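Chemist: Before we start, here is the structure in question, set down as structure tokens.
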Amino acid sequence: MEGYEVNVEDWMFSGTSDNYSDFPNVTLDYLGTLTEACEEHHISSTMKYIVAFIYTLVCILSLLGNSLVILVVSYSKGNRSATDVYLLNLAIADLLFAVTLPIWAVSRVHEWIFGTFMCKIASVLKEANFYSGVLLLAFISLDRYLAIVYATRAATQKRRSVKFVCIAIWILAFLFSLPVIRFREVFELPNSSSRVCYDNISGNQTTKWRVVLRILPQVFGFLLPLIIMMICYGITVHRLYQTKNKQKKKAMKVILAVVLVFVICWLPYNIALLCDTLLRLDYITDRCSVRNKINDALLATEILGVAHSCINPIIYAFIGQKFRNNFLKIMVSRGMISKEILIRYRKGSTFSSSSGNS
């Protein structure tokens with residue numbers, strides 16, 4: 001890489017707050033090392049407030065939408081399929097992440113003012129949301145593949161096993177987030193009084209360790225589940241369109257929409273993250289213009305990924321007949337609407353495919 005690198009710990013714990021003044025032209029890169037500074041590349045105040053507004057709006061929509069999903073799925077216990085349970089956990093993950101969005105909004109506009117503990121917690125919830133989401137969608141694709149292509153498992157067997165699968169998914173998601181728990185800290189940037197929430201890894205192999213800790217979760221927590229989804233859904237959709245069962249085709253619409261939206265929202269960010277990793281490994285020439293473009297891409301695609309947490313409930317509401325039916329049942333039971341309205345709209349089920357439909 002161009003310039004020189006200095007370990008973060010060299011200036012964080014060097015004994016005085018201004019020892020890093022010996023390095024007047026350095027900046028903290030995404031991997032947490034100090035590199036020779038490019039020309040100033042600041043995000044405008046207007047853009048910061050726009051990003052903060054988007055985060056706040058996503059937070060409100062996500063809290064409302066995912067709370068409604070949790071209510072509807074929890075209410076329909078007798079008619080809950082394995083896919084419903086996966087989607088319930090997906091809503092819980094999005095809800096937990098949405099709680100942290102006001103914190104990220106404030107840090108975008110000002111600086112990190114919440115301390116190291118909240119830095120770790122907010123970062124872990126963000127990472128766990130992403131990894132649990134992609135793993136849940138991978139298991140949904142596997143469940144639909146087995147149910148439609150082979151149809152070998154009974155609904156009771158699914159209900160017993162899906163709980164253990166969800167527990168395993170949450171454990172894996174937090175395991176992938178362990179580097180964040182271990183290394184994420186709050187400290188001041190050199191030549192600035194601004195505090196940031198970044199990783200801090202000491203030692204001579206700082207950059208290499210950061211690359212390893214970034215690549216491993218990307219491979220096992222995103223790339224492999226994505227490949228599983230593509231294979232399972234490719235075979236499943238091919239099998240469905242060889243049959244004349246319209247109900248099964250309807251049952252796949254919501255799930256395919258959820259997967260498609262997840263890929264659209266998170267794939268660009270992971271591509272930008274891969275480009276940034278290749279830059280740190282010198283596979284991409286480290287020029288200021290390239291670095292600035294990658295930084296801009298990371299910011300823009302991260303906003304897209306954040307927005308994903310509020311989109312799934314919208315999909316269920318507009319595409320999922322089963323979701324609407326169960327929501328209307330709740331409203332009837334609370335006396336908010338008449339039974340005639342429920343009968344009028346109760347025509348099918350596409351919120352997720354139950355064992356009877358698949």
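Chemist: What do you reckon, is residue 148 farther than 19 Å from residue 185 by Cα, buried (at least 21 other Cβ atoms within 10 Å of the Cβ) and modelled with pLDDT under 85?
Modeler: yes
Chemist: Criterion first (closer than 30 Å to residue 200 by Cβ, surrounded by 15 or more Cβ atoms within 10 Å (Cβ to Cβ) and in contact with a helix residue (DSSP H, G or I) (Cβ under 6 Å, 6 or more places away or on another chain)) does residue 232 satisfy it?
Modeler: So residue 232 fails the test.
Chemist: Could you check how many residues of region 45-88 are crowded, with 24+ Cβ neighbours inside 10 Å and not in a helix (DSSP H, G or I)?
Modeler: Qualifying residue count for the region: 1.
Chemist: Here is a check on your reading of the model: is residue 272 open to solvent by less than 50 Å² (accessible area, probe 1.4 Å) and within 22 Å of residue 70 (Cα to Cα)?
Modeler: It is false that residue 272 is open to solvent by less than 50 Å² (accessible area, probe 1.4 Å) and within 22 Å of residue 70 (Cα to Cα).
Chemist: Search region 254-269 for residues that are in contact (Cβ under 8 Å) with a residue 24 or more places away in the chain and under 23 Å from residue 293 (Cβ atoms) and pair each with any residue that is crowded, with 17+ Cβ neighbours inside 10 Å and not aromatic (Phe, Trp, Tyr) when their beta-carbon atoms are under 6 Å apart and the residues are at least 6 apart or on different chains.
Modeler: Listed pairs, sorted by first residue: 265/305; 265/308; 266/305; 268/301; 269/301; 269/302; 269/305.
Chemist: Could you figure out which of (1) under 27 Å from residue 71 (Cβ atoms); (2) within 17 Å of the chain's Cα centre (by Cα); (3) of a type in the set (Phe, Trp, Tyr) isn't true of residue 222?
Modeler: The number of the failed condition is (1).
Chemist: Identify the single condition in (1) at pLDDT 85 or above; (2) surrounded by fewer than 16 Cβ atoms within 10 Å (Cβ to Cβ); (3) on the phi < 0 side of the Ramachandran plot that residue 115 does not satisfy, given that it satisfies every other one.
Modeler: Of (1) at pLDDT 85 or above; (2) surrounded by fewer than 16 Cβ atoms within 10 Å (Cβ to Cβ); (3) on the phi < 0 side of the Ramachandran plot, only one is false for residue 115: (3).
Chemist: Of the numbered conditions (1) modelled with pLDDT of 50 or more; (2) farther than 20 Å from residue 261 by Cβ, residue 62 fails exactly one; give the number of that condition.
Modeler: Single failed check for residue 62: (2).
Chemist: Here is a list of conditions, (1) modelled with pLDDT of 80 or more; (2) over 26 Å from the mean Cα position of the chain (by Cα); (3) open to solvent by less than 40 Å² (accessible area, probe 1.4 Å); (4) polar (S, T, N, Q), and residue 289 meets all of them except one; can you say which number that is?
Modeler: (3)
The values are calculated or read from the model by the stated rules, or taken from the named source; none is laboratory data. Just so you know, these numbers come straight off a predicted model, no measurement behind them. Don't worry about glycine lacking a Cβ; one is built from the backbone with ideal geometry, like all the others, and counts go over all protein chains shown. SASA here: full protein model, heavy atoms, side chains in, ligands and nucleic acids out. Shrake-Rupley method; radii C 1.70, N 1.55, O 1.52, S 1.80 Å.
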